[in-house]
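Worksheet: the structure to be examined is printed underneath.
The values are calculated or read from the model by the stated rules, or taken from the named source; none is laboratory data. Quantities reported herein were computed from a predicted structural model and do not represent experimental measurements. Every residue, glycine as well, gets a Cβ built from its backbone with ideal geometry; the counts of neighbours run over all protein chains shown. The protein model used for the area step is the full one, side chains on, heavy atoms only, and it has no ligands, DNA or RNA in it. Shrake-Rupley method; radii C 1.70, N 1.55, O 1.52, S 1.80 Å.
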Amino acid sequence: MPLSLLNEEQLGAATARFGHNIVIASAGTGKTSTIVGRIAHLLNSNVAPEEILLLTFTNKAAAEMISRLSTLFSQKIASKIEAGTFHAICYKLLKRHNPAILLKQPTELKTLFRSIYEKREFKKLHYEMTEYSANFLYDTYSFYQNTELELCFGDWMYNNRPDHECFCDIYEDIAKEYERMKDRYGYINFNDLLIKTKELLNKEIFVNFKEVLVDEYQDTNSLQGSLLDKIEPSSLFCVGDYDQSIYAFNGANINLIGSFSKKFADASVFTLKKNYRSTGLILSLADRVIKFNDRIYPKELEVVRKDKPERPALLEFDELFEQYRSVSLKIKRNTINYDDVAVIFRNNSSADGMEASLRELGISCKRKGGKSFFDAKEVKALFDMYAFFVNPKDMMAFIHIFEYAKGIGSATAKDIFEGLKRMGQGSAYWGILKPDTSIKNPFEKRKVNYQLALFDDFVDLECVSKFAHLGLDETVLENPILKHPKFTDESAIFLNDFCILYKKVNKIKEPLAMVEAISDSNIYKYIIEMLSTSRALKKDRSVDADLKKKALLNIERRVILIKKLTKNHTDNQRFLNAMILGSSELSKGDGVNLLTVHASKGLEFKDVYILDLMDGRFPNRKLASKGGSIDEERRLFYVAVTRAKDRLWLSYAKEDRIKKLKFQPSLFLYEAGLKRNNDEYVKLSKEK
């Protein structure tokens, strides 16, 4: 049984009485084993598996814990435990309540938000003040949703951005229209999953969990905390470490873990102190730095490993790219298995130079925490088609697809979608497969609204017979949708290929078959031809044949990976949901791990290199001044250091010759005792 394998501290926490329990689990102290032990204790105490809710920071972490439990009990028992991220669990609950909802990626809904924002005439409100950009306002609104539980968006903006008072009403109006548009099309994003679940709990949605377990509790935000309050479990078991709270930029509220014992009068606090991961010298360095932060709960890590450790090393370089080249050479000389190596950085710009240097030496590497695999245009295009074919109500997916058609922008694509719905009596599905040809004008004229800068820009409809020479499918040629004046021969062929593919995949239920049909289609080949050509253009606009061949090969590899991702999936909608909910957890390839600090969380490696430890870069003073803090930057450093099991290198450069920048060593190098120039340290400390 798992309880027999726990140490005394872990066992005490795992067998705690029912009620409110918090476990302060420092890096490498076996929090996963403790959580698994706790669930085993619950099952042994006759708590039914379906009465247990496990909330984790990633779905991968949930799957790992359930896998461990299935070997201890059975797959049948373990599978009944509700386990996953806040978002995954809420999505499951909402889907039971309303199967028609469409979960969308933030980047997709940012496009919708921007289309609403761009209707506004801000200069009519104030001629001297500059309004926030659409992208910044979208991100700010998302932060507001995660952190504010009472005020409306306009009032919150006024309190937090008083210099933008003149725009607060219009910011509020944009947010309201955005919410109305999402409701109209059934779209929800990750924030909505929690907000709508919270609204419906104990009304349309009822849950009855005897215990809720929360992993990585230090990164819970106010919205998630309020959802836990709404669930109101009779027993709450939270595991976290305030020294690893690094998501303030995303709304994480460190006060939730800090005030746990004050909020719950019956709270029991447990501390895991035995570190099984890192050497004593690595932990000592991490501890020296993190002690500069205020202590919420007293703790002192104990080193379990007794082997002879290698001292963490400071690497100093005169120039920035010399650092990347030298670290790459060091990895090549010192490493047997590149998968055991992590290069960790505060800013994504560091990864580009490092990746180039590694690949120049023939060293394979993979990136996580920067641009996602799912952000690649060819991947998005495939999944947009997939999403629309599974749910033809998905207007955003349709718009993204038809933005590739020559002369068809997002506004025209929206007109075409709405026209197809009218041709199909309210269904784009029938508007494509069996359009009502008795409707002579499928397009609705836009209302003129000068206050919002909207104008009726439609011209006379054209005759579809002008496309007769193209050999289009009969259903497409007869469709009055081709009357739209923006259709050219090329975009008409694009529509034709789209409709032919739609007819082909209409009955496909298996994810692998769907991916193969889309990737083999004429329309997808047209899209990847466009993308590969654009990626191979030289300065004189001619096409580099070798670059194009390489681009096509990279696209082919991504399609092969998507096919591999269909493994273990037999349902189209569930596969799409899994890709949306789990996309941020995926990295690609083999070799050296290139990671942001945030992406490195929860991972461990034999060798760790932390790059660009220059003041201003790490700590990032700019981000710290925009809502973070030096304390949070210090926690980021602590997380990065404690990923290392055996060996640790901390690296910085004195100059970036290309940008003509001079650097000072990071404040954290002084706090760690690796730099000892007192004058420089005092100067940096005063800037904290």
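Here the translational diffusion coefficient of the stretch 268-403 follows from Stokes-Einstein with Rh set to the Kirkwood radius across Cα pairs; for 25 °C and 0.890 mPa s it amounts to 124 µm²/s. Packing order of peptides 477-486, 563-572, highest average first: 477-486, 563-572 (average count of other Cβ atoms within 10 Å over each peptide's residues).
Based on the alpha-carbon gyration tensor of the stretch 318-384 and its eigenvalue square roots a ≥ b ≥ c, which shape applies: rounded if a/c is under 1.5, prolate if not and a/b is larger than b/c, or oblate? It is prolate, given that a/c is not under 1.5 and a/b is the larger ratio. The value of relative contact order for the chain, using C-alpha pairs under 8 Å at least six residues apart, is 17 percent. Taken over the stretch 540-579, the alpha-carbon convex hull comes to 81 cubic angstrom per residue. In the chain, taking the dipole from charged Cβ atoms about the Cα centre, the farthest positive-side position among His598, Leu5, Ala100 is held by Leu5.
Could you work out the mean projected area of the convex hull around the alpha carbons of the stretch 153-199, in square nanometres to one decimal? Numbers along the way, then the final one.
Details: hull surface 15.0 nm².
Projected over every direction and averaged, the Cα hull of the stretch 153-199 covers 3.7 nm².
Using a Cα-Cα cut-off of under 17 Å, which lysines could be cross-linked to Lys504, ignoring same-chain neighbours fewer than 8 residues away? Within the straight-line cut-off, Lys504 pairs with Lys434, Lys525.
Taking all protein chains as they are arranged and a probe of 1.4 Å, the heavy atoms of Ile52 leave approximately 0 Å² accessible to solvent.
Taking a label point 7 Å from the Cα of Glu604 along the Cα→Cβ vector, which residues of the stretch 1-38 have an amide N closer than 11 Å to it? So the set is 27-33.
Where q = 0.16, 0.19, 0.28, 0.31 Å⁻¹, what log10 of I(q)/I(0) comes from the Debye formula for the stretch 1-59, counting one point per Cα? Result of the Debye calculation: -0.50, -0.71, -1.38, -1.48. So if we plug the beta-carbon distance of Ala265 and Leu433 into 1/(1 + (r/R0)^6) with R0 = 45 Å, what FRET efficiency do we get, rounded to 0.05? After rounding, the FRET efficiency stands at 0.10.
Fully extending the segment from Asn255 to Glu50 would add 70.8 nm, taking 0.36 nm per residue of separation and subtracting the current Cα-Cα distance. Extending 7 Å from the Cα toward the beta-carbon at both Phe18 and Lys406 defines two label points whose distance is 7.0 nm.
Per the Cauchy relation, a quarter of the hull surface: what is the mean projected area of the convex hull of the alpha carbons in the stretch 1-120, in nm²?
Values: hull surface 43.7 nm².
So the Cα hull casts an average projection of 10.9 nm².
Per residue, the convex hull spanned by the Cα atoms of the chain amounts to 192 cubic angstrom.
Between Arg295 and Leu72, what FRET efficiency follows from the Cβ-Cβ distance if R0 is 51 Å, with the result rounded to 0.05? Walk me through the numbers before you get to the answer.
Numbers: r = 36 Å, r/R0 = 0.71.
Computed FRET efficiency for Arg295 and Leu72: 0.90.
Where both bridge residues fall in the chain, DSSP classifies roughly 10% of the beta bridges as antiparallel.
R0 = 60 Å: FRET efficiency of Asn98 with Arg676, Cβ-based, nearest 0.05?
Working: r = 62 Å, r/R0 = 1.03.
That pair, Asn98 with Arg676, gives E of 0.45.
When the stretch 302-374 is described by a simple charge dipole with +1 on each Lys and Arg Cβ and -1 on each Asp and Glu Cβ, the residue from Ser350, Pro312, Tyr338 located farthest towards its positive end is Tyr338. For the stretch 363-433, the normalised intensity computed at q = 0.23, 0.24, 0.26, 0.27 Å⁻¹ comes to -0.99, -1.05, -1.15, -1.20 (log10 of I(q)/I(0), Debye sum over alpha carbons, equal scatterers, no solvent). Shown for the stretch 315-384: the carbon plus sulfur share of the solvent-accessible area, taken with all protein chains present and a 1.4 angstrom probe, equals 45%. About the centre of its Cα atoms, the chain shows a dipole size close to 1380 debye [charges on the beta carbon of Lys, Arg (+1) and Asp, Glu (-1) only; nearest 20 debye]. Residue ranges 199-208, 404-413 sort as 404-413, 199-208 when ordered by packing (mean number of other C-beta atoms within 10 Å per residue, highest first).
A protection proxy built from the mean count of other Cβ atoms within 10 Å ranks the segments 41-47, 466-472, 277-283, most packed first, as 277-283, 41-47, 466-472. Estimated at 0.36 nm per residue, the fully extended path between Leu477 and Lys210 surpasses their Cα-Cα distance by 90.1 nm.
Helical runs assigned H by DSSP (4 residues or longer) give the chain a calculated mean residue ellipticity at 222 nm of -14000 deg cm²/dmol, each run adding -39500 (n - 2.57) before division by the residue total. Measuring nothing but protein heavy atoms, the accessible surface of the stretch 84-164 at 1.4 Å probe radius is 51 percent carbon and sulfur. Over the Cα atoms of the stretch 57-167, each weighted equally, I'd like the Debye log10 I(q)/I(0) at q = 0.18, 0.22 Å⁻¹, rounded to two decimals. Reported log10 I(q)/I(0), two decimals: -1.03, -1.25.
Shape verdict for the stretch 491-552, please, from the Cα gyration tensor: rounded (a/c under 1.5), prolate (a/b greater than b/c) or oblate.
Numbers: a/c = 5.32, a/b = 2.06, b/c = 2.58.
Judged from the Cα gyration tensor, the stretch 491-552 comes out oblate (a/c at least 1.5, b/c at or above a/b).
Would you calculate the convex hull of the Cα atoms in the stretch 213-344 and tell me its volume per residue in Å³? Before the final figure, lay out the partial values.
On the way: hull volume 22.5 nm³, N = 132.
Residue-normalised Cα hull volume stands at 170 Å³.
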